[in-house]
Amino acid sequence: SIGFFNGEFIDIYKAVIPIEERGHQFGDGIYEVIKIIDSKPILLDEHLIRLENSASSILLELPYTIIEIKGIIMEGIHQSGLKNAEVYVQITRGVSPRNHLFPDVSASFTMTVKPSKEIPAQYYLQGISTITLRDERWANCHVKSLNLLPNVMAKQIAANSGSFEAIQVRDGKVTEGSSTNVFAVNNGIIYTTPLTSNILPGITRQAILQAAKYTQMKYLEENFTPEFLKEADEAFLTSTSVDILPIRSVDGKLIGNGNPGRITLELHQAFQRLYVTREVN
Ligand code: PLP
């Protein structure tokens, strides 16, 4: 593992963040998580475009160009010595005496490159259980902001009830998981929540929709209720960390017969071929 702060590669466990760092004091910043497989970042350009969008949404000027950030990421992967890894990039409004007003300093750029979190094979073979929960987040969930307290609370409530993920519900409609996007499959049609400020535009979500198009599956970006999700033939979660994770149950209700569905498995294979092993172009 390796860290990067203030323009230098550092020992990840020796990094010292100044007390008056705005990420630390206000959560005043944004981030990205990028998966590395066989030393290659997956969907890197898409992640960097989202990073630019998040930055402009909070009126934050990036301290480096996108080309420079790419260079830092590639150098970080090299220096970490890891072939399979997760890159975490965080940009905050910098170090300055605590004051809500924007400081007149350059943004801080922090990065870690660490081994990917192991997801138990059983999760993919049997699916994971989920609960539904009221979405308590703010009105700009399309920004990948450092302010993750509601997401942290939701994930912990799910874990405390023996579930992997909390599926959040706003105004009677499913928004997204605490760190994943949500899909339902009914009568052969794939449904996922449309892109509004209520959800993060997941990079994996978009890649899965591309995979659906590629394999000529029908999909709709439409809102659906928790009841629709529970009655679906199949359901799954997507994120950079998990790719596609089949949902076994929602609030104790089995999805289909509980086992991963055919369309879920086909999409996972198509995603792997298109974006990971790149057997097709
Ligand atoms: N939704 C939320 C709230 C997230 O935090 C994440 C990722 O961590 C996702 C969705 C999935 O996004 P991506 O596929 O870009 O990792």
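At 0.36 nm per residue, minus the direct Cα-Cα distance, what do VAL33 and VAL169 gain on full extension? Give it in nm, one decimal, please.
Gain on stretching VAL33 to VAL169: 46.5 nm.
Between ASP45 and GLU8, full extension at 0.36 nm per residue minus the direct alpha carbon distance yields a gain of 11.0 nm.
Over the Cα atoms of the chain, the radius of gyration divided by the Kirkwood radius equals 0.97; this is the Rg/Rh ratio. Across the cross-link table entries LYS35/LYS144; LYS144/LYS213; LYS40/LYS70; LYS70/LYS117; LYS40/LYS83; LYS218/LYS253, which are compared at the Cα atoms, the separations over 19 Å belong to LYS144/LYS213; LYS70/LYS117; LYS218/LYS253.
To test your reading of the geometry: what angle, between 0 and 90 degrees and rounded to tens, separates the Cα axis of helix 203-214 from the longest principal axis of the chain? On a 0 to 90 degree scale, this one is about 40.
The eigenvalues of the Cα gyration tensor, multiplied by 5 and square-rooted, give the stretch 193-281 an equivalent ellipsoid with semi-axes of 22, 16, 12 Å from largest to smallest. Model label points for SER96 and TRP138, set 7 angstrom from Cα along the Cα-to-Cβ axis, are 1.7 nm apart.
Between GLU61 and VAL276, the C-beta separation translates, for a Förster distance of 22 Å, into a calculated FRET efficiency of about 0.05. When only Cα pairs below 8 angstrom with a gap of at least 6 residues are kept, the stretch 2-114 shows a relative contact order of 38 percent.
The gain in end-to-end length when the ASP104 to ASN147 segment is fully stretched comes to 13.3 nm, 0.36 nm per residue minus the alpha carbon separation. Remark: relative contact order (the chain) = 18 percent; criterion is Cα-Cα distance under 8 angstrom and separation of 6 or more residues.
Quick note: the coordinates plus some simple rules give every number you see, no bench work behind them. Note that the structure is predicted; figures quoted are calculated from it, not measured. No Cβ is skipped: glycine too gets one built from the backbone with ideal geometry, and neighbour counts run over all protein chains shown.
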